[in-house]
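The values are calculated or read from the model by the stated rules, or taken from the named source; none is laboratory data. What you see is a predicted model, and the numbers here were worked out from it, not measured in a lab. Reconstructed Cβ throughout: ideal geometry from the backbone, glycine too, with neighbour counts over all protein chains shown. Side chains included, ligands, DNA and RNA excluded: accessible areas come from the protein's heavy atoms. Shrake-Rupley method; radii C 1.70, N 1.55, O 1.52, S 1.80 Å.
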Amino acid sequence: MNILNVRNLTSFYGDFQALYGIDFQLDEGETVAVIGSNGAGKSTFLRTLAGLLPAAAADDVMFAGKAIGKMPAHRIIGMGLALVPEGRRLFPSLSVEENLLIGAYAGRGGPWNLERIYRLFPVLKQCRNMPGTALSGGQQQMVAIGRALMSNPKVLLCDEISLGLAPVIIRDIYDALPGIKADGISVIVVEQDIGQAMKVADRLYCFQEGRVSLDGKPGELNREQISRAYFGV
């Protein structure tokens, strides 16, 4: 069953058009990866889904049967769609635990609370009273993921969560994905690492210059198809 349906989505930064007619679907409990080079529109796509940029029409984005393309971000997160932003965006004046608690402000009920986050990422419990920005990059990424999970989302949007991290840390973060999905959360992962994206995704979309250049199941796509869609050659 589709939990997210996107039809002919366009998005702009002022007069600059960043997305051109994106069609996209996400099923309940599914992990979908979005790949593409820098400037392909991947982050813009997630920001539009999360309400940080407006869609052209409300029904361009349908979430759990409701048109959200024109909704503000605080209403969208209250409905159950949460963004882990590129660059983590932690509050430097708050501790790790305070950063996590910020994620629960929408008041959605569900299984995710501090205890559950600390079981998923035990290192955060040890650092809970430290400033969030005093942690390593990988630990900060765990805080950003935990903050989003504290909103008890139906859909988790992860924007470049492996960017700039060591391979061992990337592995630890992606190893947490099954535990995140255990309660039926659907996940969209924006990822530049094609190999990592294909390991975790049930389906894959490639963006090129603001358009979908390829979509399908990883096992059904070959290197030549992906290279052509990714680089346009």
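Worth a mention:
- Relative contact order (percent, whole number), region 132-233, Cα cutoff 8 Å, 6+ residue spacing: 20
- Counted by Cβ distance under 14 Å from Asn129, the other residues give a net charge of 0, where Lys and Arg count +1 and Asp and Glu count -1.
- Rel. contact order, % - alpha carbon contacts under 8 angstrom, at least six apart, the chain: 27
- J(HN,Hα) series, region 209-217, from Karplus relation 6.51 cos²θ - 1.76 cosθ + 1.60, nearest Hz, glycine and proline x: 6, x, 10, 6, 9, 6, 8, x, 7
- The chain: C-alpha pair distances exceeding 33 Å, %: 13
- Anisotropy class of region 1-95 from Cα gyration tensor, a/c 1.5 cut: rounded
- When the Cα positions of Ser93, Ser227, Ile169 are compared along the charge dipole of the chain, Ser93 comes out farthest toward the positive end, with charges on each C-beta of Lys, Arg, Asp and Glu.
- Charges were assigned to the Cβ only: +1 to each Lys and Arg, -1 to each Asp and Glu. The resulting dipole of the chain about its Cα centre is roughly 420 debye.
- Using a Förster distance of 22 Å, the FRET efficiency for Phe12-Ala73 (Cβ separation, nearest 0.05): 0.85
- Lys/Arg +1, Asp/Glu -1 at C-beta; the chain dipole; positive extreme among Thr48, Gln208, Gly103: Gly103
- Longest to shortest principal axis, alpha-carbon extents of region 41-129, angstrom: 45, 27, 20
- Dipole magnitude for region 35-95: about 140 debye, using +1 per Lys or Arg Cβ and -1 per Asp or Glu Cβ, origin at the Cα centre.
- Accessible area of Glu30 in the full protein assembly, 1.4 Å probe (Å², nearest 10): 20
- Considering every alpha-carbon pair of region 120-233, the percent of pairs per 10 Å bin, from zero through the bin containing the longest distance, is 12, 40, 32, 13, 3, 0.
- Region 18-67: C-alpha pair distances exceeding 14 Å, %: 57
- In this view, the solvent-accessible surface of Val168, computed with a 1.4 Å probe and all protein chains in place, comes to about 70 Å².
- Taking a straight line from the alpha carbon of Lys217, these aspartates and glutamates sit under 18 Å away, with near neighbours fewer than eight places off in the same chain left out: Asp23, Asp27, Glu28, Glu30, Glu191, Asp193, Asp202.
- Cβ-placed point charges (K, R +1; D, E -1), dipole of region 34-166 about Cα centre in debye, nearest 20: 220
- Highest-first packing order for the peptide set 32-40, 126-134 is 32-40, 126-134, based on the mean count of other beta carbon atoms within 10 Å.
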